[in-house]
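Please treat every number below as a calculation from the coordinates, not as lab data. Keep in mind that what you see is a predicted model, and the values were worked out from it rather than measured. Cβ placement follows ideal geometry from the backbone for every residue including glycine, while neighbour counts extend to all protein chains displayed.
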Amino acid sequence: MMAHRGVLEDHDAGLTGTRPGRQHWNVNTVDWAAIRCDLLSGAPDILFYLVAASSFLEATTEHYTANLVVQFRGDDEITSWLERSWLPEELQHGRVLRRYVEAVWRDFPWDGVYDAFLTEFAAHCCSEELEPTRCREMASRCVVEMGTAGYYTMLSRLSPEPVLAAVARHIADDEIRHYKHFLRYFHRYRQTERTGRLAVGKALSNRLRMIANQDSAIAMKHLYHARHPGEPFNRRVYKRLRHSSRQLISPHFPYRMCVEMLLAPLGLPPRARRIAVPIAAMLARRLVP
Ligand SMILES: [Fe+2]
Ligand SMILES: [Fe+2]
């Protein structure tokens, strides 16, 4: 059985032992001294953009998710998990990735570039648009965690440098665990709110469209300016960066795992799922990232 199958099959069992606030790893347990900069000398430049952009986006989590806690006020289990486990873990992802960037690309002024990025990012993305019901919002959160789980799984697979591979694996495991939490809460609210498959599908597609928005373009722009002072960041440059990243990412991206995670909230009958998963995975391989 492939490793990713367990993500969905044991999501209830997997959550049983998850305690709020428990952290399996942190910035101090990473073996920073083991970083092999020599293994990165031949790596494509786009790897810097991927890691640095991730550190920026993770670090912004608290700037646009306050309204998520507000939407679930009164459900103490969820708000407590969001505030005590989920948010601290997302912010830790940002801190760890930042430390990696500063350890490897030493001339990159993380603070200054992040400040410029955050100013522009905050103007565009003050707060996330939430779905109209709790059930639909939980489905939407599953899509976000599916995206990050796939991204860091891919990063851990493609990294030529072992510390980055280990960090990305830790983060991917966190994101998969976050997904399991949101999926469990989704199931709970689907029952109480009696949400149909069509409404769930709408929440999933809304979020998929938002994932492909301008967040990473803003990060890429500021990273590019830091590396190429004075040079314009135009459509042609962005397309070139996207092309490089697609070439690097595609062979390592866990398309099937992501498709299974994406379709799980729909609760398709087994026969329909057996047909839908491989077709959707094939389409995803052609269309994304
Ligand atoms: Fe994260
Ligand atoms: Fe997450």
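By the Kirkwood approach, averaging reciprocal distances over each pair of separate Cα atoms, the range 38-251 gets a hydrodynamic radius of 18.3 Å.
When the Cα positions of ALA103, PRO232, SER85 are compared along the charge dipole of the chain, PRO232 comes out farthest toward the positive end, with charges on each C-beta of Lys, Arg, Asp and Glu. Distance between the C-alpha centres of the range 116-156 and the range 163-194: 13 Å, rounded to the whole angstrom. With everything on Cα atoms, drop me the angle between helix 235-249 and the longest principal axis of the chain, reported from 0 to 90° to the nearest 10. So the helix axis and the longest Cα principal axis differ by about 70 degrees.
When only the Cβ of Lys, Arg, Asp and Glu is charged (+1, +1, -1, -1), the dipole of the chain relative to its Cα centre reaches about 1340 debye.
Taking 2.2 N^0.38 Å as the expected size of a compact globular protein, what ratio does the Cα radius of gyration of the range 166-219 give against it, to two decimals? Display every interim value, and only then the final one.
Values: Rg = 14.7 Å, N = 54, 2.2 N^0.38 = 10.0 Å.
Here the Cα radius of gyration is 1.47 times the empirical estimate.
Taking the C-alpha atoms only, the angle from helix 87-104 to the longest principal axis of the chain is near 20 degrees. Summary value for the chain: 25 percent relative contact order, contacts being C-alpha pairs under 8 angstrom separated by 6+ residues. Computed over the alpha carbons of the range 48-149, Rg followed by Dmax gives 15.0, 47 Å.
Against the main long axis of the alpha-carbon atoms of the chain, helix 270-287 sits at an angle near 20°.
Using the Cα centre of the chain as origin and beta-carbon charges of +1 (Lys, Arg) and -1 (Asp, Glu), tell me which of VAL277, HIS178, PRO265 is placed farthest towards the positive end of the dipole. Checking the options against the dipole of the chain, the answer is VAL277. Semi-axes of the equivalent ellipsoid for the range 201-246, computed as √(5λ) from the eigenvalues of its C-alpha gyration tensor and ordered from largest down, come to 27, 11, 7 Å. Sorting the segments 129-137, 58-66, 216-224 by their residues' average number of neighbouring beta-carbon atoms within 10 angstrom, most packed first, yields 216-224, 129-137, 58-66.
The mean sequence distance of close C-alpha pairs (under 8 Å, at least 6 residues apart), as a share of the length of the range 95-176, puts its relative contact order at 23 percent.
Projecting the Cα atoms of MET138, SER156, GLY74 onto the charge dipole of the range 38-251, computed from C-beta unit charges around the Cα centre, puts MET138 farthest toward the positive end.
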